[in-house]
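Here's the structure, in structure tokens; my notes come after.
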Amino acid sequence: MSKLIENPKTYAGKELDTIFFRPLLSGPDATNLGIRVLYNMPVPTTLQFWKRAADVLKRYGKGWAGGDPAQKYQKKIELFKVKAELGFSAEDYFQMVYEEMAGSPEVNLDDLTGSALEAAETALFKEAIAESIRATMWVGDSSRADGLNTFDGLLKRIIADADTAGAELKKVTMPAMAAADAAEGLFKNMWEASPEVLRRFKNQGELVWLVTSDIFNNYEESLDSITVESAYLAKQNGRKEIYYKGIPVVDVQVSGYLDGLAGMPKSFALLTEKHNLALAVNTNDFPGMEVRMWYNPDEMENRQRAVFMAGCDYLLPELIVASFSALQ
């Protein structure tokens, strides 16, 4: 059995969309981010929000008494050309691909060719790209010398706006997570500080708490301490989802990245409307967009590269209540 994977593969155009990026940026995985994902939207990519008219009822009578149309808010998301690159020694790459293929009962492991091999290689690279996009979306900083610096993430943008004098974005003091009910107290304070325009989305099921792992764990532990049978069973079996005031609490899982990043907090919590924060990725409207995988015989190395456009932003500051620990 050869331990070299030498066939080059290139995805561009429709294949780049259907095989590589669309499965990556749609479905449950994208929904679980707790934000809006805009994939291959028309350029320039814009966030849009419609504010319905407050009173459309008029007294019946002759003629037209229509009021002003619904207000439309728009904000352009700046897209940045980025690339993802990975290189593995031929031996390591073979073992990784072999392990990925071994999980399928339909694969002939004595014949590492064809669509099964292509799917395994693609799966490995897609996982790495998805995680890099997700992490940069939250903690990216284009002024950083190295690492997660291809575009500014949501956290940098929100922190800058929250610290602006007279900001519409509400900021609540972050307590230490040492106390057993610290997260619950934080959520209570953030809810009380939230403006009426944000609270209106609660009954529509459109609000979300986006928090770091320490806050999520503190709140889950406070739920475990409740002495009722359902809480006892949940403590044993685990919880797929947790809520505060009927609003889902989502662990954004970036705590490992935040440790040691200058200008970033170690903990944060956001209360917002799900469509207010957005990640945009485009592989259609710019030249040179592709994914390529090849074997370099000089270095005896398998290499992977993806080139695409990405960026993120939020639309309305009045639809965000934020809390941060001290910046590092």
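The values are calculated or read from the model by the stated rules, or taken from the named source; none is laboratory data. Remember, predicted model here, so these are calculated numbers, not experimental data. Counting neighbours? That spans all protein chains shown, and the Cβs are built from the backbone with ideal geometry, glycine included. Note: areas computed on protein heavy atoms with side chains; ligands, DNA, RNA excluded. Shrake-Rupley method; radii C 1.70, N 1.55, O 1.52, S 1.80 Å.
Give the stretch 1-49 a look and list any residue that's at pLDDT 80 or above, open to solvent by 70 Å² or more (accessible area, probe 1.4 Å) and of a type in the set (A, V, I, L, M, F, W, C), or say none. Even if it seems obvious, please write down each step before you answer.
Within the stretch 1-49, the subset at pLDDT 80 or above is 8-25, 35-47.
Now drop any that are not open to solvent by 70 Å² or more (accessible area, probe 1.4 Å), which leaves 8, 14-15, 18, 22, 41-44.
Those that are at pLDDT 80 or above, open to solvent by 70 Å² or more (accessible area, probe 1.4 Å) and of a type in the set (A, V, I, L, M, F, W, C): Met41, Val43.
Provide a single number: the residues in the stretch 291-328 that are under 22 Å from Ala280 (Cβ atoms) and of a type in the set (A, V, I, L, M).
Number of matching residues: 10.
What is the one condition in (1) over 19 Å from Val307 (Cα atoms); (2) out of contact with any strand residue (DSSP E or B) (no Cβ under 6 Å at 6 or more places or on another chain); (3) among the aliphatic types (A, V, I, L, M) that Ala193 does not satisfy?
(2)
Which residues, counting only those in the stretch 137-158, are on the phi < 0 side of the Ramachandran plot and surrounded by fewer than 19 Cβ atoms within 10 Å (Cβ to Cβ)? Explain how you work it out, then say what you get.
Filtering the stretch 137-158 for residues on the phi < 0 side of the Ramachandran plot gives 137-146, 149-158.
Within the stretch 137-158, Ser142, Ser143, Arg144, Ala145, Asp146, Asn149, Arg157 meet the criteria.
Taking the stretch 248-265 as the region of interest, how many residues are surrounded by fewer than 18 Cβ atoms within 10 Å (Cβ to Cβ) and not in a helix (DSSP H, G or I)?
Qualifying residue count for the region: 6.
Would you mind stating whether Tyr243 is open to solvent by 60 Å² or more (accessible area, probe 1.4 Å) and on the phi < 0 side of the Ramachandran plot? Show your work before the answer.
Numbers: open to solvent by 60 Å² or more (accessible area, probe 1.4 Å): yes; on the phi < 0 side of the Ramachandran plot: yes.
Yes: the conditions hold for Tyr243.
Looking at the stretch 199-213, is at least one residue closer than 25 Å to Ala30 by Cβ, open to solvent by less than 80 Å² (accessible area, probe 1.4 Å), at pLDDT 95 or above and acidic (Asp, Glu)?
Looking through the stretch 199-213, none of the residues is closer than 25 Å to Ala30 by Cβ, open to solvent by less than 80 Å² (accessible area, probe 1.4 Å), at pLDDT 95 or above and acidic (Asp, Glu).
In the list Glu106, Glu99, Glu118, Glu78, which residue meets the criterion of being in contact with a helix residue (DSSP H, G or I) (Cβ under 9 Å, 6 or more places away or on another chain), modelled with pLDDT of 70 or more and open to solvent by 100 Å² or more (accessible area, probe 1.4 Å)?
Details: Glu106 fails: modelled with pLDDT of 70 or more; Glu118 fails: open to solvent by 100 Å² or more (accessible area, probe 1.4 Å); Glu78 fails: in contact with a helix residue (DSSP H, G or I) (Cβ under 9 Å, 6 or more places away or on another chain).
So the residue among Glu106, Glu99, Glu118, Glu78 that is in contact with a helix residue (DSSP H, G or I) (Cβ under 9 Å, 6 or more places away or on another chain), modelled with pLDDT of 70 or more and open to solvent by 100 Å² or more (accessible area, probe 1.4 Å) is Glu99.
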